[in-house]
Amino acid sequence: MNIYLDTMLWNELYDQGEHPTGLVASLNAKGAGLVLSPHTGFELAKTFANAPERAKKLFLYVREFVLANIPCTKEISGILEAEMLVLRSPTTEMRPFLPPENYREFKKDVEKLAAGEFDERAFEFVNLRNSLGVTARSGPARHLRDDVAQRLRSVARADLDKWMEVEAASTQGAMLLIEQITRQFPEAPIEEAATWAGPLMASPTCRLAKGLTRADLYFNWRWAHRGSLPKDLYHDMYHVLISTYCDVYATRESKQEDYARLLLTASTRFEVYDGQSSLGGWLRALVGN
């Protein structure tokens with residue numbers, strides 16, 4: 001069982017003083033383990049801006065998990081590429097996690113940050129990822145026509161899942177996925193992206209492609225209903241999407257359920273840590289259920 005924790009829960013583990021080696025061993029003994037992601041690294045690295053000493057300690061803590069070789073997801077582009085490879089060669093195994101050669105690079109980055117080396121490369125990485133969130137947040141206001149926004153406002157929250165299912169299978173859904181493909185692979189011609197969109201959406205095994213399409217639909221629907229988007233929505237949804245090949249997505253924010261269950265398949269459980277017990281104990285109990 002692969003358990004993806006969002007950044008809040010990694011902070012919680014550190015603050016509670018949960019011993020990394022002990023937690024990894026106890027979860028592994030039950031056939032389970034925690035999962036990191038580059039996006040978690042990004043959000044932890046943002047701490048260097050205002051609390052560099054805490055950031056260094058956070059990465060010293062996370063380094064212990066990395067030294068234990070817990071899995072790390074690929075970026076969204078890497079997972080999407082893996083889905084394409086599976087489509088091209090059905091006997092190919094789906095590989096949503098970093099292979100050894102890329103994991104070694106990830107480990108080096110964690111070790112640098114654990115040493116307090118928040119260099120220009122790390123600064124640029126954080127700035128770029130921040131800018132993606134800003135751009136995504138302003139997207140619906142820039143490109144949604146008034147008539148489209150009006151149609152979105154006619155979709156009630158209770159009907160959202162069913163509406164998404166129909167919309168994702170439509171021409172509009174295909175266009176959204178084509179945009180996502182060209183966003184993840186800027187060098188890809190639109191014509192090539194279009195040849196992938198249909199098969200990705202039709203495949204019963206390609207979870208991320210469907211999640212990306214639903215994410216765009218949700219972004220547009222929420223903006224149409226509320227007129228704005230929370231500044232953390234893009235980054236929280238990124239966590240959800242990147243966990244799509246994990247067995248459990250865990251967070252402390254119950255509000256994420258509003259969209260997480262729309263983006264994830266039934267193969268990924270959504271769990272909320274309620275803080276009533278230690279996080280380590282909660283994770284051990286989660287695995288025992």
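Check Glu191, Glu179 and return the single one that is more than 24 Å from Glu257 (Cβ to Cβ), touching an Asp or Glu at 6+ places or on another chain (Cβ under 8 Å), part of a helix (DSSP H, G or I) and not aliphatic (A, V, I, L, M).
Glu179 is the lone residue from the list that is more than 24 Å from Glu257 (Cβ to Cβ), touching an Asp or Glu at 6+ places or on another chain (Cβ under 8 Å), part of a helix (DSSP H, G or I) and not aliphatic (A, V, I, L, M).
Against the conditions (1) assigned to a helix (DSSP H, G or I); (2) surrounded by fewer than 17 Cβ atoms within 10 Å (Cβ to Cβ); (3) over 19 Å from the mean Cα position of the chain (by Cα), where does Asn102 fall short? Just the number, please.
(3)
Could you tell me whether Glu83 is without any contact (Cβ under 8 Å) to a residue 40 or more places away in the chain and at negative phi?
no
If Val155 meets every condition in (1) closer than 18 Å to Asp258 by Cβ; (2) assigned to a loop (DSSP other than H, G, I, E, B); (3) free of Cβ contacts under 8 Å to residues at least 40 places away in the same chain; (4) not aromatic (Phe, Trp, Tyr) apart from one, which number is that one?
For Val155, the exception is condition (3).
Among residues belonging to segment 180-239 that are of a type in the set (Gly, Ala, Ser), in contact with a helix residue (DSSP H, G or I) (Cβ under 9 Å, 6 or more places away or on another chain) and surrounded by fewer than 18 Cβ atoms within 10 Å (Cβ to Cβ), point out the one that is farthest from Ala158 (Cα to Cα).
That would be Ala188.
When you look at Ala149, is it among the small types (Gly, Ala, Ser) and either in contact with a helix residue (DSSP H, G or I) (Cβ under 8 Å, 6 or more places away or on another chain) or not in a helix (DSSP H, G or I) (or both), yes or no?
yes
Any residue that is over 30 Å from Thr205 (Cβ atoms) and more than 16 Å from the chain's Cα centre (by Cα) - is there at least one of those in segment 66-87?
Yes: segment 66-87 contains one or more residues that are over 30 Å from Thr205 (Cβ atoms) and more than 16 Å from the chain's Cα centre (by Cα).
With the condition kept exactly as written, say whether any residue in segment 216-226 is touching a residue at least 24 places away in the same chain (Cβ under 8 Å) and not in a helix (DSSP H, G or I).
no
Do we have Ala250 as outside any strand (DSSP E or B), crowded, with 18+ Cβ neighbours inside 10 Å and either among the aromatic types (Phe, Trp, Tyr) or out of contact with any Gly (no Cβ under 9 Å at 6 or more places or on another chain) (or both) here?
no
Looking at Leu279, Leu263, Leu283, can you tell me which residue is touching a strand residue (DSSP E or B) at 6+ places or on another chain (Cβ under 7 Å) and hydrophobic (A, V, I, L, M, F, W, C)?
Leu283
If you take the residues of segment 253-287 that are assigned to a helix (DSSP H, G or I) and aromatic (Phe, Trp, Tyr), which of them is modelled with the lowest pLDDT?
Selected residue: Tyr259.
With Phe48, Phe59 as the choices, which residue is of a type in the set (A, V, I, L, M, F, W, C), touching a helix residue (DSSP H, G or I) at 6+ places or on another chain (Cβ under 7 Å), more than 22 Å from Cys206 (Cα to Cα) and at pLDDT below 95?
Phe48
The values are calculated or read from the model by the stated rules, or taken from the named source; none is laboratory data. All values reported here derive from a predicted model rather than from experimental measurement. Neighbour counts are summed over all protein chains in view; Cβ atoms, including those assigned to glycine, are modelled from backbone coordinates with ideal geometry.
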